[in-house]
Structure formats: structure tokens, C-alpha cells
Amino acid sequence: MSDPKYIDILVNDGAWLLDAGGQPRYTQDRHSIGQDIKHRIMESGLARKLIGERSPTLRADVLTEIELLVERDERLVPGTIFINEEAADRVLVTATTYEFGPLEVTL
């Protein structure tokens, strides 16, 4: 097995996930890319904008903004990013990475 290409500290519910010794746990490759995408969306303010919007037309505009933001990630195959609003409080982002295959991120 080859060495991981992308390594990040594992974040769960906005906090670092620690092991029994109090050291941060790590994530790698596909999961790391998904975590980066989720954080990029959260930090952009688009998730908050989506929560505050009630108009279906304007919500669709925000979802398009999210798709365009995710599309900028060079690790993803262009044209494979799909944003699906599964519920008012749940958005599924799917994409294909060049090196690690498909990935899903839930907001």
C-alpha cells in the first residue's frame, strides 16, 4: 500500500477527534478531500446563506454557488459535482476525484 497523498486532522462535529492518549486522529486521501470540501463550503458562508433562505428560487441559486465553489477543487473531475438538497437541513455533495474515485459529503 502506498503512502497517503493527503493527510488532515480528523474533524467530527466541528472538533478534532482525539485518540485515547489525547492525540489528534488523522484522515487521509478521499476522506481528507471530502473534509476539505465541507470546510470550504462552511467557511464560505454559503451553508449559512442556505439555512437563512426560504425562497425555493433563491435556495437553488445558493446551491449553484456551492456547486461552482466545489468545482474549483483541482482534485475533482470537472462536471462530476452534483448538489442534492435531500431535506431543508441536509445537502449531499457528490463528486469524483481523479485519484480516489467517488466521494460524498453531507452538509
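Values in this text are rule-based calculations from the coordinates and carry no lab data. What you see is a predicted model; the values in this text were computed from it and never measured. Neighbour counts are summed over all protein chains in view; Cβ atoms, including those assigned to glycine, are modelled from backbone coordinates with ideal geometry.
With respect to the conditions (1) exposed (fewer than 15 other Cβ atoms within 10 Å of the Cβ); (2) without any contact (Cβ under 8 Å) to a residue 24 or more places away in the chain, Ile81 lacks only one, and its number is (1). Applying the set (1) outside any helix (DSSP H, G or I); (2) acidic (Asp, Glu); (3) surrounded by 11 or more Cβ atoms within 10 Å (Cβ to Cβ) to Glu65 leaves exactly one unmet item: (1). Every condition in (1) part of a helix (DSSP H, G or I); (2) over 16 Å from the mean Cα position of the chain (by Cα) holds for Ala20 except the one numbered (1). Scanning region 53-60 turns up one or more residues that are outside any helix (DSSP H, G or I), out of contact with any Phe, Trp or Tyr (no Cβ under 9 Å at 6 or more places or on another chain) and acidic (Asp, Glu). Within region 84-107, no residue satisfies the criterion of being within 23 Å of Pro56 (Cβ to Cβ), surrounded by 11 or more Cβ atoms within 10 Å (Cβ to Cβ) and out of contact with any strand residue (DSSP E or B) (no Cβ under 7 Å at 6 or more places or on another chain).
Only residues that are surrounded by fewer than 15 Cβ atoms within 10 Å (Cβ to Cβ) and in contact with a strand residue (DSSP E or B) (Cβ under 7 Å, 6 or more places away or on another chain) were counted in region 68-78, giving 1. In region 38-57, how many are over 24 Å from Leu103 (Cβ atoms) and either within 18 Å of the chain's Cα centre (by Cα) or surrounded by 13 or more Cβ atoms within 10 Å (Cβ to Cβ) (or both)? Result for region 38-57: 1.
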